[in-house]
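A short worksheet on the structure shown next.
Nothing in this text is a laboratory measurement; each read-out follows from the coordinates by a stated rule. These figures come from a predicted structure and were not determined experimentally.
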Amino acid sequence: MATMEKARRRTTASSLCAICNQNKAALKRPKTAQQICRECFYSVFEDEIHNVITENNLFKSGERVAIGASGGKDSTVLAYVLSKLNHVHNYGVEFFLLSIDEGISGYRDDSLETVKRNEIQYGLPLKIVSYKDLYGWTMDEIVKAIGLKNNCTFCGVFRRQALDRGASLLKVDKLVTGHNADDIAETVLLNILRGDIARLGRCTYITTGIYSPNAYRGFAREFIKDLERIRPRAILDIIKSGENFRIATSTKMPEQGTCERCGYISSQEWCKACVLLDGLNRGLPKLGIGRTKTINGGGGSGGVKPGTKSRLSNVGMKESRTRSRQYSGSVDF
Ligand SMILES: [Zn+2]
Ligand SMILES: [Zn+2]
């Protein structure tokens with residue numbers, strides 16, 4: 001048994017790339033179960049993204065497009081691929097990196113350094129928009145006003161809106177954000193567990209990147225990793241199941257309104273951020289937090305539903321749901 005296992009490992013390690021048949025395979029692609037080399041992985045990965053972009057007409061020549069840049073892996077890969085494809089295939093898009101500085105002393109130093117490196121490496125201009133620009137308050141100032149206990153509410157709400165608000169501040173046509181398949185699959189699973197059909201329908205093409213802290217996500221993550229061990233395609237299958245679910249329920253989707261104050265997508269008159277800001281500016285920072293009724297009649301934390309907004313609609317882009325669906329549905333690894 002042990003010898004067999006060793007032999008199997010040896011053949012796996014020394015097998016040739018299934019695409020070029022020249023280099024040694026470096027990884028097994030979950031999507032196809034093919035053993036391929038590094039170079040071939042890059043090239044199929046980039047080709048597939050290019051195909052999704054062209055098939056769905058995601059960009060037009062002359063457009064200004066912001067890439068949400070956090071300094072993390074997902075957004076770094078996105079910046080790299082888009083700037084490369086833009087050059088190779090002449091999209092004629094004016095890409096730039098959009099970073100948010102929350103104004104927490106010390107907190108963004110490392111990630112902003114990474115983003116600044118990306119700016120140089122990929123030749124993309126960098127725009128850093130601060131919470132001060134967006135909301136008139138830095139996160140440090142908010143914490144000072146509200147104390148450490150409740151600032152998570154602000155953090156979550158303000159972060160969820162920051163990229164969209166930053167994008168509209170910079171008057172871009174579109175905003176793109178990078179997410180990995182694991183995170184999207186987790187979100188699908190969480191929405192199934194919560195029985196949140198409306199959100200399930202949206203989560204495969206809209207992901208906020210920041211989630212309110214909850215214990216379930218940890219479980220979902222572990223569960224997905226276990227599934228993947230048994231069946232490498234499991235992550236992609238879960239994402240697909242989320243997409244299929246949406247199609248079946250799309251006719252019953254509630255319509256999203258916009259905030260009267262800032263124009264951000266909101267199910268209430270005022271979005272949650274505007275409610276919180278109003279409280280802050282009036283010296284009543286606890287307004288809108290917890291279970292007390294919010295001034296716009298929304299019941300406490302239900303004032304705005306996290307993750308229910310479209311990344312693209314807030315920056316003046318008329319993006320049809322069908323197109324968004326195809327977009328996210330086809331990008332996989
Ligand atoms: Zn190869
Ligand atoms: Zn608002």
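Couple of notes before you dig in:
- Amide H contacts of L16 (H built 1.01 Å from N, under 5 Å, at least 5 apart or other chain): A25
- Across the cross-link table entries K171/K272; K24/K73; K116/K272; K24/K84; K31/K84, which are compared at the Cα atoms, the separations over 27 Å belong to K116/K272.
- Scanning residues 5 or more positions from T258 or on other chains, those with amide H under 5 Å from its amide H are S266, with H placed 1.01 Å from N in the peptide plane.
- Rounded to the nearest whole Hz, the Karplus-based 3J(HN,Hα) values (6.51 cos²θ - 1.76 cosθ + 1.60, θ = phi - 60°) of region 72-82 follow the sequence x, 5, 4, 6, 5, 4, 4, 4, 4, 5, 5, with x at glycine and proline.
- Under the Debye formula (equal points on every Cα, no solvent term), log10 I(q)/I(0) of region 40-177 at q = 0.15, 0.19 Å⁻¹: -0.76, -1.08
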